[in-house]
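Just below is one structure, and these are the notes that go with it.
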Amino acid sequence: MDTAEVLDHSLPWTESDYLALGETAQRIELLDGGLLIGPSPSVRHQVIVRGLAAALEPGCAAANRTLLPVINLRLNPTRILNPDLVVTAELDLTAACVPADAVLLIGEVSAPHTATIDQVLKPHLYAAAGVGWYLLVEQESLTVKLHQLQGAHYVERATTKRGEALELTEPVRATIRPEDLVP
């Protein structure tokens, strides 16, 4: 689907409409019949995601978990988001989307222009879908915040800054040092 077709598409967007977009250069997410469209992540953003994945991967392998970068995460039939990375308990390689109930942890890297979405909207949506852990890296300061689902909301369990280490024990074991996330 080209840009003109996207702009001319009538609301609401359905899951099948969204999936028909295929792979795109922009990050496009489905939210309650509308689309959230953003640019591709910056180089710094991608480097931080890669560093975060490198820190989580050994623990994922040891716990027989799968770490995936940017995937279609189905929170419900009207909400499909593209988190920077997820740790899953199980994986269907034929599925177009990973269901939220298979996700143990979501990681997002927040930039100034995505701060409200990453710090307010997405945690609310991920919590409503029942995802147990939310890991947020603030791109500018390299502060790492770990949140755990408690009831219907996330509770901050740790805030880690440069010179400190976040020691994860759940849902996988990992040590995350903010300064190691960028070269």
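For the chain, the solvent-accessible area of protein heavy atoms averages 51 Å² per residue (probe radius 1.4 Å; ligands and nucleic acids excluded).
Between 0 and 90 degrees, rounded to the nearest ten: what's the tilt of helix 43-62 against the longest Cα principal axis of the chain? Between helix and principal axis, roughly 70 degrees.
Count Lys and Arg as plus one, Asp and Glu as minus one, and take only other residues whose Cβ is under 14 Å from that of Ala158; the net charge is then -1. Between Glu167 and Asn76, the FRET efficiency estimated from the beta carbon spacing at R0 = 30 angstrom works out to 0.35.
I want to verify a result. In a Gaussian network model of the chain, Cα cutoff 10 Å, which of these has the top mean-square fluctuation: His153, His45, His113? Taking springs between Cα atoms under 10 Å, the residue moving most is His113.
Helix-only arithmetic for the chain: the sum of -39500 (n - 2.57) across DSSP H runs with n ≥ 4, divided by the residue total, places the mean residue ellipticity at 222 nm at -6000 deg cm²/dmol.
Considering only DSSP beta bridges whose two residues both sit in region 34-183, what percent are antiparallel, to the nearest 5? In region 34-183, approximately 75 percent of DSSP beta bridges are antiparallel ones.
Taking every DSSP beta bridge with both residues inside region 51-138, roughly what % is antiparallel (nearest 5)? Please report the intermediate quantities before stating the final value.
Numbers: 11 of 19 bridges.
Around 60 percent of the beta bridges assigned by DSSP in region 51-138 are antiparallel ones.
Report the extension gain between Gln26 and Leu121 in nm, rounded to one decimal, defined as 0.36 nm multiplied by the number of residues separating them, less their alpha carbon distance. Show your work: numbers first, answer last.
Values: separation 95, 0.36 × 95 = 34.20 nm, distance 1.94 nm.
Taking Gln26 through Leu121 to full extension adds about 32.3 nm, to one decimal.
Compute the FRET efficiency between Asn64 and Ala111 as 1/(1 + (r/R0)^6), taking r as their Cβ-Cβ distance and R0 = 30 Å, and round to the nearest 0.05.
Numbers: r = 33 Å, r/R0 = 1.09.
Calculated value: 0.40.
Quote the FRET efficiency, to the nearest 0.05, computed for Gln148 versus Leu11 with a Förster distance R0 of 35 Å and r equal to the Cβ-Cβ distance. Once the sixth-power term is evaluated, E becomes 0.50. Just the number, please: carbon plus sulfur as a percent of the accessible area of the chain, 1.4 Å probe, no ligands or DNA/RNA counted. The computed percentage sits at 53.
Here the Gaussian network model covers the chain, with springs between Cα atoms less than 10 Å apart; of Asp84, Asp118, Asp17, Asp17 fluctuates the most.
The values are calculated or read from the model by the stated rules, or taken from the named source; none is laboratory data. In this text the structure is predicted, and so the values were computed from the model without any measurement. Neighbour counts are summed over all protein chains in view; Cβ atoms, including those assigned to glycine, are modelled from backbone coordinates with ideal geometry. When the accessible area is computed, the model is the full protein with side chains, heavy atoms only, and any ligands, DNA or RNA have been set aside. Shrake-Rupley method; radii C 1.70, N 1.55, O 1.52, S 1.80 Å.
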